[in-house]
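Throughout, read-outs are computed from the coordinates displayed, never taken from laboratory work. Here the structure is a predicted model, which means the values were calculated and not measured. Don't worry about glycine lacking a Cβ; one is built from the backbone with ideal geometry, like all the others, and counts go over all protein chains shown.
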Amino acid sequence: MTFRQARYDEPLLCEKTRPASDSDTDFFDVPVSLRRKRLDLPQVSEHEVVRHYTRLSQMNFGIDTGFYPLGSCTMKFNPKFNEELARLPEMARVHPDQDPSTVQGILQILFELQGILAKISGMDAVTLQPAAGAQGEFTGLLLARAYHLDRGDAGRDEVILPDTAHGTNFASAGMLGHKIREIPSEDGRVNLKALEAAVSGKTLALMLTNPNTLGIFEEEAVEIARIVHDAGALLYYDGANFNAILGKTSPGKMGFDITHFNTHKTFTTPHGGGGPGAGPVGVKAFLEPFLPVPIITFDERAYGLDWDRPKSIGKVRAWLGNSALLLRAYAYILSQGSDGLEHVSERAVLNANYIRHRIEKHLPVPFSGLRKHEFVASGKPLKAKGVRTVDIAKRLMDYGFHPPTVYFPHLVEEALMIEPTETESKETLDAFSDALIRITGEDPELLKSAPHNAAVSRVDEVRAAREPILSWRMLQRAKGTEPHKA
Ligand SMILES: *Cc1c(COP(=O)(O)O)cnc(C)c1O
């Protein structure tokens with residue numbers, strides 16, 4: 001399988017435009033007084049417009065084009081039925097400011113989804129407001145803070161993070177101004193001695209990514225919870241990786257107090273390039289009074305909204321959350337049937353371990369034991385030939401695969417973080433493994449200049465991060481030519 005695209009650039013429509021000649025206007029024989037004033041719009045035919053947008057769409061890569069094993073992002077197939085539901089006028093044309101009595105249907109769906117997510121996570125109450133996993137973490141820490149303050153315990157400002165935690169955990173704790181105590185791992189797992197040394201009366205919470213960023217399940221989770229609770233602190237479970245544990249276990253069972261879901265990952269919404277998302281947060285009953293307002297209520301007759309929550313942390317997002325995503329999550333979960341979610345996680349874990357076994361002789365996978373839904377291989381053996389992980393990743397594009405996550409987590413040198421998800425066939429897993437193995441034996445020069453048949457080759461990534469030029473207007477400004485007004 002190779003990528004079909006030849007390398008080409010697609011000009012902007014306004015660059016394709018051709019000046020209208022006199023004969024064009026004469027052709028229509030419209031009296032001058034009735035002719036529309038010429039607007040400064042691209043002069044192109046419908047056919048050219050269709051081709052323009054179709055070509056642009058083909059320069060992109062998505063889960064609908066090919067295998068997308070981007071570790072930590074759970075790029076599974078998004079059933080098209082969910083998309084149909086989200087586009088129904090009853091959904092798409094509801095206004096979030098409508099009176100609850102006129103939107104009973106969506107309120108019912110959201111209310112039921114809260115109950116389903118509570119059951120899956122082993123929690124007692126759920127808010128659907130946060131717009132992403134990272135915002136869920138932020139919300140969760142706000143809840144933990146509100147809880148401690150409510151008890152008059154104001155001295156807790158430290159958040160403990162294992163070095164295997166997801167990067168957003170550090171960012172969320174940092175944004176709230178908390179002190180971060182990072183604890184080292186041992187063989188890719190939380191080191192309990194280090195944890196015991198770190199907890200104190202200053203600990204606000206521990207945030208645990210489980211399975212962690214190495215794809216390893218923290219088997220000591222219950223003991224971890226005991227140590228943290230004994231110090232009076234709370235436990236936050238980063239549940240972005242729920243795909244690995246659905247129906248098997250839950251943060252509630254492990255003794256955790258707060259967790260978030262990434263519905264866009266686990267419960268299928270097309271995501272990438274930064275959005276869209278939904279990051280519902282589940283909590284144990286003692287934290288319920290602090291949840292964001294409004295709370296969706298049901299009195300056996302009608303659904304409503306309760307704003308009268310004196311201990312609430314307030315709002316974290318406009319209205320009730322990203323409801324179109326939440327509807328997709330609801331539809332996806334129901335479509336799996338009673339034991340379907342368990343099969344999802346079984347298959348996701350099987351697929352990850354299958355690829356791991358196929359490639360680990362060529363690209364070692366540090367740390368011991370089974371992996372869950374993803375694993376992290378190392379490109380270190382190729383360094384002697386001058387080949388870096390980024391070269392392997394770029395070369396995979398020539399074989400028609402989206403590269404895995406690279407250089408993360410930092411615990412593994414030249415990291416390649418691979419998450420196949422459950423929706424891929426054995427043929428795809430084999431084709432990907434074959435390509436990866438073949439690449440490790442290819443001519444270094446071929447790898448260093450890859451990709452060879454994508455629309456865009458290598459970009460200057462440092463410059464792209466430092467001077468992001470993200471639109472045509474920004475490009476014109478950077479070139480010193482102001483855009484003409486459209
Ligand atoms: C994706 C991810 C997050 C962040 O979720 P966003 O929706 O991207 O904000 C947090 N933790 C883990 C483990 C993740 O994989």
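Other residues within the sphere of radius under 11 Å centred on the Cβ of K202, judged by their own Cβ, net out at 0 (K and R +1, D and E -1). Taking 19 Å as the straight-line reach from the Cα of K202, the lysines in range (excluding those fewer than 8 positions away in the same chain) are K179, K193.
Panel note: the C-alpha atoms of region 80-334, placed on their principal axes, show extents of 55, 40, 31 Å (largest first).
The overall shape of region 367-486, judged from the alpha-carbon gyration tensor, is prolate: a/c is not under 1.5, and a/b is greater than b/c.
Going by the alpha-carbon gyration tensor, a ≥ b ≥ c the square roots of its eigenvalues, is region 191-234 rounded (a/c under 1.5) or, if a/c is not under 1.5, prolate (a/b greater than b/c) versus oblate? Prolate is the answer for region 191-234, as a/c is 1.5 or above and a/b outweighs b/c. Under the combined filter of DSSP loop state and at most 12 neighbouring Cβ atoms within 10 Å, region 408-486 retains these trypsin sites (Lys or Arg not before Pro): K485.
For region 369-413, which trypsin sites (Lys or Arg not before Pro) are both in a DSSP coil and crowded by at most 15 other Cβ atoms within 10 Å?
Values: sites: R371, K372, K383, K385, R388, K394, R395; in loops: R371, K372, R388.
Taking region 369-413 and a limit of 15 other Cβ atoms within 10 Å, no loop trypsin sites (Lys or Arg not before Pro) are found.
Ellipsoid fit via the Cα gyration tensor, region 212-332: semi-axes of 26, 22, 13 Å, each the root of five times an eigenvalue, largest first.
Among the lysines, which fall within straight-line cross-link reach of K119, defined as a Cα-Cα distance under 22 Å, with same-chain neighbours fewer than 8 residues apart omitted? Qualifying lysines at Cα under 22 Å: K248, K253, K265, K284, K372. Within the same chain, lysines fewer than 8 places from K385 are excluded, and of the rest, those with a Cα less than 30 Å from its Cα are K361, K394, K448.
Across region 283-324, the volume of the C-alpha convex hull divided among the residues equals 102 Å³ per residue.
Assign one of three labels to the chain, namely rounded, prolate or oblate, based on the Cα gyration tensor with a ≥ b ≥ c the square roots of its eigenvalues; rounded applies when a/c is under 1.5, prolate when it is not and a/b is larger than b/c, and oblate otherwise.
In terms of gyration-tensor shape, oblate.
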